[in-house]
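Engineer: Mind having a look at this structure? Questions to follow.
The values are calculated or read from the model by the stated rules, or taken from the named source; none is laboratory data. Please read these numbers as outputs of a predicted model, since none were measured by experiment. Methodologically, a virtual Cβ is constructed for each residue, glycine included, from the backbone with ideal geometry; neighbour enumeration extends over all protein chains shown.
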Amino acid sequence: MDPTIKDEYEFIVSIDFGTTYSSCCYASVRDPETVYSVKNWPRASVWDEKIPSVIAYTGASNYHDSDTSIVPSVIAYNLTKQQSSIDVDSQVVGFGNVPETSTSIRIKHLPFILHIKDLAPGESNRNPVADYLKLFHQHVIKKIAEQHGEKSIHRIRYCFTLQHPEQPRYKANFIKAINLAGIYTDQDIDEKVLFIDTYTAMAKHLLKKHSLQLDTKFIICDADSKYLKLKIMHVVSTGRNVDIEQLEYDLTSNKLCSDRLNELFEDYVLDTIKQHPTYTEDKEAVMTKTALKYFEENLKYSLDLQADRKVNILLSPSTSKKPASYLSLDMKDLKCKVYDPIVDGICNQVAEEKEAHATNYVFLCGTLATLDYMKQRLDAIANNVIVVSNDDLSAAHGAVYYGLNEKLGVPRSAPICIESEASCSAEDDTVQNSQEDDYTHIIGIDFGTSFSKWYYSKYESNEQVEFDKATMQLPTLSLYDESLRQQKYWGKEAFDDYYKSGESGKLMSRFKLYLDEVNKNDENEQLVIDAIANYLRALNGKIKETMESLFPNTPKKYRYCFTVPTIWSDNMKRVMRDTITCAGIVSKDDPLSRLLLVNEPEAAAIFYANDAETDFFNNYFDTNPQKTTVRTLICDAGGGTVDMATYEYSRKDHSSKFYIEEITAGTGSLCGSSFLDDAFRKYIKKECYDNDYNVSGYELEQMVLHFILNIKENYTYKNLQDTTIDVPNEDGAKIIITANDMCTKIFDPIVAQILSLVQNQYEAMEKAEKKLDMIILTGGLGQSEYLRNKIQDSFQDKDIRVHAPVHYDQSVVRGAVELARDTSYITKRIVQKSYGLQVMTPLVDALDLLDPLQEPKFAKYKLDILCRANKFMKTHEYIEKKYYVAYPHNAFITLFSTSDAHTNIASALDPRLDQVLKRNIDMPNMPSLQAGDAVPIIVRLYLGQTEIKLQVILNEKMSDRVPLRSMIKTLGEQELLQQQEQQPQQTLLSPPPIPQKAHGQMPTKSLSSKLIPQKSFHKALEKVNSSTSE
């Protein structure tokens, strides 16, 4: 055990927060060899060491508990719906073994909630994980106090196992829940809470329990209900001791799991049921359900599959009129058709890894570990197969060992802000050029709400490829099976199967809007990412297939550019990048520059600057030779979002190339073409209801499809004729939509929002004293005569040309490809938000300056604004500022943003701030420096691109010593001198005013590992000042 842990902690407590059950073990640092398990949980046996991961609230239950027992992403989705019915007034009924009642909401599989976006509770919801951990922790503390006394229960180090570390939001939300549960606060040092992968923790216990020797390799085979996971572990030397190293190999399969036995059994038993003498089609579903339930409850893990006998399943009990009905199954058939497909697959995987890694042991755990046949089959391929019982606490024990031996780290703090001003610089173009890789083609993808487009260009060629609409434009649709587990079709195939072949499965559309829901309404981020990633994965496969047919037998390496709406926040762009990575289009190991995100109006602006067919700008200059610039509003009215910005086009040195400068900040809203479809759908649905037309959901969508294909684009408010809609399956029934209703109830509510956005852009131009010359409407809704006529009428006396070009469907994706090739098109962009860093600032006291041994004190949670909104930035321009860290402390960089350009926000805890990113900076070893020396770190913030970029520079070879205290002392002397010049009546020894604690201000840490609460510091300061005055 690390000896420094005894000075900081009394107990090491591990919490294995499991999907179905949770457990807790702990050890005293005075007796690290004795590991205790927490027992006597509420409503459980005094000997039970595990407790269900379940919590219950007051309220009416709308969902059965079993609804959550499905695939992980859908579990999280259902838990989201359950959580939405829990508000702050709901009372916790209990946790663990709580009964299911109609007056309570019972949530299980709690770890899956941690996949949901942003679990901090709002005004109207709770955090079930935090509530569960709070009650769990209270019970643990109570049991430790009963066993060892209450004296040292506050000096505890915690180690949590991570069940799903590969999920993008899991750990972040886990930390939030731990914080909300009161287990860890911002006053605690970083190392109070540790995390370890569940399988690594389990391996640490197996190492000790089975006395495994150095260089032993073993497989952990977790054959559970939802997945199969294989982990390869290696016993390595750590000097005097041995420890576990997890090899990079990691296999996860959702098909080789015990739940698949149910599916195979259902398929197998259905054929047998049809041969039963009592079978009828009406009874088929009931008989199948009965057989499956009996199999799950009585046979699944207890069958002796090596026996040669029949298995009888009770279908119906005996009555006075007829005997009991049984279904007789052959054991050999059960083994062959139900069990062997799963067991064979697992054994093959284990055999492959055993041979590849020369493993000595196989540790079998999970639900299938209770099946004797599974163990028998593994024994045939491995010498040492050891079954780990489901009641085993290996993970919790191993987490205790980890907590006992993990050394206390160097403190980590926010950077210290001493200098007041930031500078603005531009990166050399040669630096950018050196970052390019050996790409052969640029692939542009416009991931749209209704349709997605793609386009390509050779990397070193300006040749324009023809946009093949049949190949390069595809519906943004995915057709899933009824269980939402498998994507059956995507794109055009999904459209044809659903709309032409009749309703089959569940059609998922409007993926792009799901990302907006993730950001605003705390929906399940992982569910959204999975759905979109499945579509993008299929789209990328189609692109690669097409590119291979166009350029056969040639090496290819693609650079990708994806378009995004202007209105997307930094976090939504981050989610989009994660989704593209999840789809396998790029990998985490690729340079960031391989994927470029491009604003949609900006891409369209570049396309029309280069499009010879439309040639708007050359024509404009030909008719206006006195002009040197043309100011153009680009309105990209797509299926979901409508985005727009105004750009100034100009040429340099008589070049034919146009350079583009953003002159009004991009704006937009969710008022695209699909919202017109929604308005029409709502109107038709009401008409069908009022007229008693019995229309199915599929038939309703057929009428909406007729509106999309035949009415929406060409309809204009100048048309005074009524519109007739045929009603399917109603013997010639028709719905008549008057011209007034079509305008006021369907078109105007949407078009009015777009007109308002255009008007705001025009007013912004007037405020800047610049004239708007042209409006270009692109995107699907941009072709609407209704919209175009409304805009023309609104600006008919302003001498503004309104264009709706024919290349509306390809302008964005082709412009994105052009920008990826040449980023110099855009000369300036507008920073739409204010950005700042969380910092610490020195608390300079006159008394500190007189005491050479006084440790520096700092005010925490301060916000240092680096750039305010509405600032113009060039593409490769950056904001730079120097901060300091006291050696050898580590640092963290937290970047915040706010839409407010003028209000002075001083605290990083201000609720108006949004956290954009957080990055940890580890201090390298610098032998020439001593503790307390100032190490400068330079932060560069690039804001002139679609995605923000943060660069942190630390001189690892620094040798000049500058004590941080001397820098702060110099700063303090300068401040006091300025105060004396302004207020000569004050003396150097006059006590400074006591800083007032802001509302919600967190306690302050010093740079030492010891904590100095702010209140205590203020009292000490008052006492010193009082004695000095006396």
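Engineer: Could you tell me whether the range 502-514 includes any residue that is buried (at least 19 other Cβ atoms within 10 Å of the Cβ), at pLDDT below 80 and touching a Lys or Arg at 6+ places or on another chain (Cβ under 9 Å)?
Structural biologist: Looking for residues that are buried (at least 19 other Cβ atoms within 10 Å of the Cβ), at pLDDT below 80 and touching a Lys or Arg at 6+ places or on another chain (Cβ under 9 Å), one finds at least one in the range 502-514, hence yes.
Engineer: Let me ask something else about it. Would you mind stating whether I585 is over 21 Å from F896 (Cα atoms), touching a residue at least 12 places away in the same chain (Cβ under 8 Å), not assigned by TED's automatic domain parsing to the domain that holds D914 and not in a loop (DSSP other than H, G, I, E, B)?
Structural biologist: For I585, the condition - over 21 Å from F896 (Cα atoms), touching a residue at least 12 places away in the same chain (Cβ under 8 Å), not assigned by TED's automatic domain parsing to the domain that holds D914 and not in a loop (DSSP other than H, G, I, E, B) - is not met.
Engineer: Continuing with this model, one more query. Could you tell me which residue of the range 780-814 is surrounded by the fewest Cβ atoms within 10 Å (Cβ to Cβ), considering only residues that are more than 15 Å from K453 (Cβ to Cβ) and among the basic types (K, R)?
Structural biologist: Filtering first and then ranking leaves K798.
Engineer: Let me confirm something: among Y693, Y649, Y659, Y689, which residue is more than 26 Å from Y825 (Cβ to Cβ), in contact (Cβ under 8 Å) with a residue 12 or more places away in the chain and either in a loop (DSSP other than H, G, I, E, B) or of a type outside the set (K, R) (or both)? Reasoning before the result, please.
Structural biologist: Working: Y649 fails: more than 26 Å from Y825 (Cβ to Cβ); Y659 fails: more than 26 Å from Y825 (Cβ to Cβ); Y689 fails: in contact (Cβ under 8 Å) with a residue 12 or more places away in the chain.
When all the criteria are applied, what remains is Y693.
Engineer: I would also like to ask the following. Which is in contact (Cβ under 8 Å) with a residue 12 or more places away in the chain and of a type outside the set (S, T, Y), of A612, A605?
Structural biologist: Sole residue among the options that is in contact (Cβ under 8 Å) with a residue 12 or more places away in the chain and of a type outside the set (S, T, Y): A605.
Engineer: While we're on this one: Which residue out of Y878, Y808 is closer than 30 Å to S669 by Cα and either assigned by TED's automatic domain parsing to the domain that holds S569 or part of a strand (DSSP E or B) (or both)?
Structural biologist: Y878
Engineer: Looking only at the range 947-955, decide whether some residue is closer than 30 Å to K573 by Cα, part of a loop (DSSP other than H, G, I, E, B), out of contact with any Ser or Thr (no Cβ under 6 Å at 6 or more places or on another chain) and assigned by TED's automatic domain parsing to the domain that holds E877.
Structural biologist: For the range 947-955, residues closer than 30 Å to K573 by Cα, part of a loop (DSSP other than H, G, I, E, B), out of contact with any Ser or Thr (no Cβ under 6 Å at 6 or more places or on another chain) and assigned by TED's automatic domain parsing to the domain that holds E877: present.
Engineer: So which residues in the range 5-42 are more than 29 Å from the chain's Cα centre (by Cα), surrounded by fewer than 24 Cβ atoms within 10 Å (Cβ to Cβ) and part of a strand (DSSP E or B), if there are any at all?
Structural biologist: Answer for the range 5-42, where residues must be more than 29 Å from the chain's Cα centre (by Cα), surrounded by fewer than 24 Cβ atoms within 10 Å (Cβ to Cβ) and part of a strand (DSSP E or B): F11, A27, S28, D31, P32, E33, T34, V35, Y36, S37.
Engineer: Same structure again: Sort through K289, K354, K300 and tell me the only one that's free of Cβ contacts under 8 Å to residues at least 40 places away in the same chain and of a type in the set (K, R).
Structural biologist: The unique qualifying residue is K289.
Engineer: Another question about this same structure. Which strands (runs of 3 or more DSSP E) does the range 186-263 wholly contain that include 3 or more residues that are on the phi < 0 side of the Ramachandran plot and free of Cβ contacts under 8 Å to residues at least 40 places away in the same chain?
Structural biologist: 228-237, 242-253
Engineer: Checking the conditions here, which among L247, L180 is farther than 19 Å from L368 by Cα and either crowded, with 19+ Cβ neighbours inside 10 Å or more than 29 Å from the chain's Cα centre (by Cα) (or both)?
Structural biologist: It is L180.
Engineer: When you scan the range 315-386 for helices (runs of 4 or more DSSP H) that lie fully inside it, which ones turn up with 2 or more residues that are of a type outside the set (V, I, T) and within 30 Å of E284 (Cα to Cα)?
Structural biologist: Of the helices (runs of 4 or more DSSP H) lying wholly inside the range 315-386, those with at least 2 residues that are of a type outside the set (V, I, T) and within 30 Å of E284 (Cα to Cα) span 331-334, 340-357.
Engineer: If you don't mind, there's one more thing I want to ask. Scan (1) in contact with a helix residue (DSSP H, G or I) (Cβ under 8 Å, 6 or more places away or on another chain); (2) part of a loop (DSSP other than H, G, I, E, B); (3) without any contact (Cβ under 8 Å) to a residue 60 or more places away in the chain; (4) under 22 Å from L228 (Cα atoms) for the single condition A307 breaks and write down its number.
Structural biologist: (4)
Engineer: Condition first: surrounded by 12 or more Cβ atoms within 10 Å (Cβ to Cβ) and among the small types (G, A, S). Now tell me which residues in the range 900-930 satisfy that.
Structural biologist: Scanning the range 900-930 gives A901, A906, S907, A908.
Engineer: Also: Any idea which of (1) modelled with pLDDT of 90 or more; (2) more than 30 Å from T34 (Cβ to Cβ) is the one E123 doesn't satisfy?
Structural biologist: Only one criterion in (1) modelled with pLDDT of 90 or more; (2) more than 30 Å from T34 (Cβ to Cβ) is unmet by E123, namely (1).
Engineer: K712: surrounded by 14 or more Cβ atoms within 10 Å (Cβ to Cβ), in contact (Cβ under 8 Å) with a residue 40 or more places away in the chain and part of a loop (DSSP other than H, G, I, E, B), yes or no?
Structural biologist: For K712, the condition - surrounded by 14 or more Cβ atoms within 10 Å (Cβ to Cβ), in contact (Cβ under 8 Å) with a residue 40 or more places away in the chain and part of a loop (DSSP other than H, G, I, E, B) - is met.
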